[in-house]
1. Could you pull out every residue, at least 5 positions away or on a different chain, whose amide H is within less than 5 Å of the one on VAL245? Hs are placed 1.01 Å off N in the peptide plane, and Pro or chain starts have none.
2. How do PHE81, PHE14 line up, fewest other C-beta atoms within 10 Å first?
3. Can you tell me the equivalent ellipsoid semi-axes for the stretch 36-116? Use √(5λ) from the Cα gyration tensor, largest first, whole Å.
Amino acid sequence: MTAAIQQCLGSNGFFLKKGEDAVLLVHGLTGTPAEMRAIANQLAKDGFSVMCPLLSGHCGSVGELKRSKWQDWYGSIEQAFEALKLEYPRVYVAGLSMGALIALKLAKEKGQRVNGLGLLSTTFFYDGWNIPHHRQKFLLPLVLYSPLRYFMSWHELPPYGIKCERTRAFVHSVLTQRDELSAEKVGIFRTPAVTIHESFKLIRTVKKLLPGVHSPALIVHSTEDDMASVKNAHYVTKHISSSKVETYFVDDTYHVLTLDKRKNDIAHRLGDFFNSCSVKEHVSA
């Protein structure tokens, strides 16, 4: 591992050095690199080097999260991408939920240097079956666009975006015990309103950038997503300008695809897609 890559990982990011092509993974809002570990392990088995850095402000205290801005989260990934590009000619980027938005912004800013995208549970609209309509239409705007956002937080409740009962039980156990490593293990399940406000700023920014995204893209979404409906996947497909776009809709899983029942299928599909992008590059050359 180079010093540049090591510097980007943060306190609990990770890097798996395997093949000649690299995948940069982006965890979700209030999440942790640990939620990407299963996907990373499978991609490494399939011959990719894999990096998942810690996003700025995450996996620490709620106060640290509140002080971070969306530009800080993006900056963590931009730095990691440039570090990987020093060592790997082909770097693919895959993000979960808000991480998918960061991946899209990176693709717009870096152009064809991003060799392919994996967009997992992309979230532009919080319109899943577990999001109450009154919260979306009335309560959330009231809080986010008033001084209330500096004082309020939302506590995520079961099913935590996870259909697998065993995994969900583990997350619930960690949260109940509230041990000192809970944020590192499962992320922060109390989301400050100011952090949600920052995520909405990121959403608005990325929506405007979508026509400038040209990297090949695999869009993965659950038909049972509890937080963000398949409308999000269709929105991305409609608005990006990539000539190579594939969609992969999966069932028997909720929002956190990287921890749920279909994680291995999704990892294999990501690997196949990134390999197909590499083959196309060789043919074009």
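Please treat every number below as a calculation from the coordinates, not as lab data. Since the structure is predicted, the reported quantities are computational estimates derived from the model, not experimental observations. Methodologically, a virtual Cβ is constructed for each residue, glycine included, from the backbone with ideal geometry; neighbour enumeration extends over all protein chains shown.
1. Answer set, sorted by chain and number: ALA217.
2. On the way: PHE81 23, PHE14 17.
In increasing order of surrounding Cβ atoms, one gets PHE14, PHE81.
3. Details: eigenvalues 101, 51, 23 Å².
Its equivalent ellipsoid spans semi-axes of 23, 16, 11 Å.
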